[in-house]
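Data first, discussion second: the structure below is written as structure tokens.
The values are calculated or read from the model by the stated rules, or taken from the named source; none is laboratory data. Since this is a predicted model, take the numbers as computed values, not measurements. Positions of Cβ are generated from backbone atoms using ideal geometry, with glycine treated the same way; all protein chains shown enter the neighbour counts. Remember, those area values only see protein heavy atoms, side chains included, never the ligands or the DNA or RNA. Shrake-Rupley method; radii C 1.70, N 1.55, O 1.52, S 1.80 Å.
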Amino acid sequence: MIRFEGVSRRYGEQVAVDRVTLEVPRGSICVLLGESGSGKSTLMRMVNRLVEPSAGRVLVDGRDVAGAEPEALRRGIGYVIQSVGLFPHWRVGDNIATVPRLLGWDAARVARRVDVLLDLVGLDAALFRDRFPHELSGGQAQRVGLARALAADPPLLLMDEPFSALDPGTRRGLQSALREIHAETGKTILFVTHDVEEALTLADTLAVLDQGRLVAQGSSASLLQEAEKGPVRRIFGKESLAFHRLATLPASSLARPEDARQDLPMLPADASLKQALMLMLAEGSACLAIPAEGAFPGGTLHWADLVAPR
Amino acid sequence: MILLLGNLLLFLVALAAAPRLGWLWQALFPGISRPVWDSQSWFALLAEHLMLALGATLIAALIGLSAAILATRPAGRALRPLLDSMFSLAQAVPPIAAIALALPLMGFGAAPTLLALVLYAALPVMRSAVAGLDAVPAAVLDAARGTGMGPGRILAQIELPLALPVIQAGLRVALVLAIATTAVGAVAGARCLGTPIVTGLANGNLSWVLQGAVFTAWLAVIADQALRLGLDPERRRSNGRLAPAR
């Protein structure tokens, strides 16, 4: 869907992005992870030509974006930013309708679409359609921002630290909302963040940037297995690396095929080892029962297996 | 609001009454043979005065706004200090001097007055428009570009509407400056509330000078009152554009 081919961006002597080659498969969430100043936003903004590469090229659907008319290109790519950037003098409905109106949809179709989108991002259309942005909480505003980006049903979504300014509870709510929307719509999403937990929660594939260079890419599990040294280890935090690794492994993979005892705390079959560890700590129990689901026959997870060397 | 309307009404009544108060002017200036100003109707003078001020403000608004838009575009940013000092210089020249300098080129009448007023009123419009356009949040502009709006559409639909309250404030200042300053146009032969002052000075008729001065000052006070009303923050917030900071 997106291909960066040897892409660089220089500002005078400063190299913001340094020869990055990266492929984002259709329908996946690719998270660009890095500290501030690592070039992740700059890299992302080259996709909709808000930044032009100094060298290399960016392909969307096999076509070089440099050959596309910038405004037309952007109308086909959803764009969500940290500070949301809702138009303060327009009502929520008008904000969401921005791109459909630019594309010349008729009023009835726009109105229907606005209501569908408000519903998709979990806001009551009747209640929110006519509000002004200053009447929204931070989380609500970003839900509207997401709806605006999705309005014309673009196949591709660029999200630049969209949840970083929100408090942790709101952030988790929006992360799971995004996961659901992704499952429902199958959009390709390029997601920029500096938050390791967020990256691990959302990513199908991770790309780690450090000082403008791509230093690691792959699934979160494989990336953490290999992260014994270097910038990846630093970005994930060397003390909590093992903990983050648990988040990438399914709890069911370590369960013993014993009949689940009724008196044990229950862990859902799709939980990660990190969630298992949290539940053990919370319940003060060294064993957890995992019920059967799908191909998994059910079993018991033991503390000893969790801490055993792998 | 009531105060303003009351003052305005009183002003109009006084304009209508002035020619009929011959005994008053006679009592004040016993040595003057024709103390009543009757060359032109006061209302005709008022109308021409306001036309001059409004016309000058309109032209100043067009020039100031264009300069502000130019100065806030990426391509025009380098011109900004130059434009700012040009407009400051234009305002620094006293209108009476601007009129005197323009007289040989433009002749007597309304034209040199109009020029002087435009020079005088363009700066507040430009300054306020630049401030208003600068205050549009960067995130809003980034989002507008990101949704695929072109530069012209961003200016018309996002930047100008958001800057409007600040631009309006500048326009009001310009209008009040123009109304208060128009009277000097009388020295160049422009008909306005300053005409009786200049004519009176030329003829040694202090009664005319007094009447012209009172009405000129009175009108400026009314304009200033209206300006204050327009700048009242409570009223400005009600148009929904100046969203309270979150």
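Per-residue packing, averaged as other Cβ atoms within 10 Å, sorts the ranges B:12-19, B:177-184, B:57-64 into the order B:177-184, B:57-64, B:12-19, beginning with the highest.
Under the shape rule built on the C-alpha gyration tensor, where the axes satisfy a ≥ b ≥ c, segment B:24-70 is prolate, since a/c reaches at least 1.5 and a/b is greater than b/c. For segment A:41-90, relative contact order (Cα pairs under 8 Å, six or more residues apart, normalised by length) works out to 27 percent. Each helix, a run of at least 4 DSSP H residues, gives -39500 (n - 2.57); summed and divided by the residues of chain B, these come to -23500 deg cm²/dmol at 222 nm. Computed on chain B, with alpha-carbon pairs under 8 angstrom and 6+ residues apart, the relative contact order is 25 percent.
In terms of overall dimensions, the C-alpha atoms belonging to segment B:40-192 reach 60, 31, 19 Å along their principal axes, ordered largest to smallest. For chain A, adding -39500 (n - 2.57) for each run of n ≥ 4 DSSP H residues and dividing by the number of residues yields -10000 deg cm²/dmol at 222 nm. Considering only the Cα atoms of segment A:251-307, their convex hull presents on average a projected area of 3.3 nm². Using a cutoff of 8 angstrom between alpha carbon atoms and counting only pairs six or more residues apart, the relative contact order for segment A:2-244 works out to 27 percent. Size descriptors for the protein assembly as shown: radius of gyration and Dmax over Cα atoms are 34.7, 123 Å.
The accessible-area ordering, largest first, of the residues A:D119, A:D210, A:D61 stands as A:D119, A:D61, A:D210, per a 1.4 angstrom probe.
The C-alpha atoms of chain A define a longest principal axis, and helix A:168-185 lies at about 80 degrees to it. The modelled label-to-label distance for the pair A:T21/A:D124, using points 7 Å beyond Cα in the direction of Cβ, is 5.4 nm.
What the Cα convex hull of segment A:2-244 gives, in volume per residue, is 127 Å³.
Backbone amide hydrogens, once placed in the peptide plane, bring A:V215 within less than 5 Å of A:V208, A:L209, A:D210, excluding anything fewer than 5 places away on its chain.
Taking the average, over residues, of other Cβ atoms within 10 Å as the packing measure, peptides B:204-214, B:102-112 rank B:204-214, B:102-112 from highest down.
Residues of chain A were split at every exposed loop site, defined as GluC sites (Glu not before Pro) in a DSSP loop with at most 11 other C-beta atoms within 10 angstrom, and the longest piece left, sites excluded, is A:14-227.
Near the amide H of A:G56, within less than 5 Å, lie the amide hydrogens of A:S8, all on another chain or at least 5 residues away, with H placed in the peptide plane.
When only the Cβ of Lys, Arg, Asp and Glu is charged (+1, +1, -1, -1), the dipole of the protein assembly as shown relative to its Cα centre reaches about 1440 debye. Distance between the C-alpha centres of segment A:1-65 and segment B:165-185: 51 Å, rounded to the whole angstrom. In this structure, the amide hydrogen of A:S272, modeled 1.01 Å from its nitrogen in the peptide plane, lies closer than 5 angstrom to those of A:A251, counting only residues at least 5 positions away or on a different chain.
Specify the angular offset, from 0 to 90 degrees and rounded to the nearest 10, of the alpha carbon long axis of helix A:107-120 from the longest principal axis of the alpha carbons in chain A. Tilt relative to chain A: about 20 degrees.
The overall shape of segment A:84-123 is oblate: from the C-alpha gyration tensor, with semi-axes ordered a ≥ b ≥ c, the ratio a/c is 1.5 or greater and a/b is no larger than b/c.
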